[in-house]
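Asks: I have a structure here, written as structure tokens, and I will follow up with some questions on it.
The values are calculated or read from the model by the stated rules, or taken from the named source; none is laboratory data. These numbers come from a predicted model, not from an experiment. Note that we place each Cβ from the backbone using ideal geometry, even for glycine, and neighbour counts take in every protein chain shown.
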Amino acid sequence: MSAIFQHGEGSVSDADQRWQDALARARRQDVLAEVGRERSRQEWLRTAGTIGPVDTDGQRLAVLVEEVGEVARAMNDGKGLREELIQVAAVAVAWVEAIDTAEGAG
């Protein structure tokens, strides 16, 4: 007999909770994969010369803030919010990659 957890308004069995947890992990993996694809796209644009170099933390911050501004615009427009959030996450990943590369070189 499986245990029952109180969850919000109703009850959730152990099996139901495990299923919900598995679905949440799968959704998270899908989102992280999407962030990875966006990060690859951004790197391709950089190497193709479509966007300029971003070599300093100040430049990285400027790019991140610009992307966050696009999130605010998407919220006001009522469209494109998810895509803009994926781009923000990818820009943050790029910054972390730069930090890790610099630490590895030092």
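Asks: Could you tell me whether the stretch 70-78 includes any residue that is closer than 24 Å to residue 101 by Cα and among the basic types (Lys, Arg)?
Replies: In the first step, residues of the stretch 70-78 are kept if they are closer than 24 Å to residue 101 by Cα; the result is none.
No, the stretch 70-78 has no match at all.
Asks: Here's a follow-up. Since residue 30 meets every condition but one in (1) of a type in the set (Asp, Glu); (2) modelled with pLDDT under 95; (3) surrounded by fewer than 11 Cβ atoms within 10 Å (Cβ to Cβ), which condition does it not meet?
Replies: (2)
Asks: Now a separate question. Mind checking which pairs have a first residue in the stretch 45-58 that is touching a residue at least 12 places away in the same chain (Cβ under 8 Å) and a second that is surrounded by 10 or more Cβ atoms within 10 Å (Cβ to Cβ) and assigned to a helix (DSSP H, G or I), Cβ under 6 Å, 6 or more apart or different chains?
Replies: Listed pairs, sorted by first residue: 54/60; 54/63.
Asks: On the basis of being in a helix (DSSP H, G or I), among the charged types (D, E, K, R) and modelled with pLDDT of 95 or more, does residue 103 make the cut?
Replies: Values: in a helix (DSSP H, G or I): yes; among the charged types (D, E, K, R): yes; modelled with pLDDT of 95 or more: no.
So residue 103 does not fit the description; no.
Asks: Among the residues that make up the stretch 63-84, is at least one of them under 27 Å from residue 27 (Cβ atoms), in a loop (DSSP other than H, G, I, E, B) and either more than 15 Å from the chain's Cα centre (by Cα) or at pLDDT below 95 (or both)?
Replies: yes
Asks: Please go through the stretch 45-62 and pick out each residue that is surrounded by 11 or more Cβ atoms within 10 Å (Cβ to Cβ) and either part of a helix (DSSP H, G or I) or on the phi > 0 side of the Ramachandran plot (or both). Outline the logic, then answer.
Replies: Filtering the stretch 45-62 down to residues surrounded by 11 or more Cβ atoms within 10 Å (Cβ to Cβ) leaves 45-46, 51, 54, 57, 59-62.
Answer for the stretch 45-62, where residues must be surrounded by 11 or more Cβ atoms within 10 Å (Cβ to Cβ) and either part of a helix (DSSP H, G or I) or on the phi > 0 side of the Ramachandran plot (or both): 45, 46, 57, 59, 60, 61, 62.
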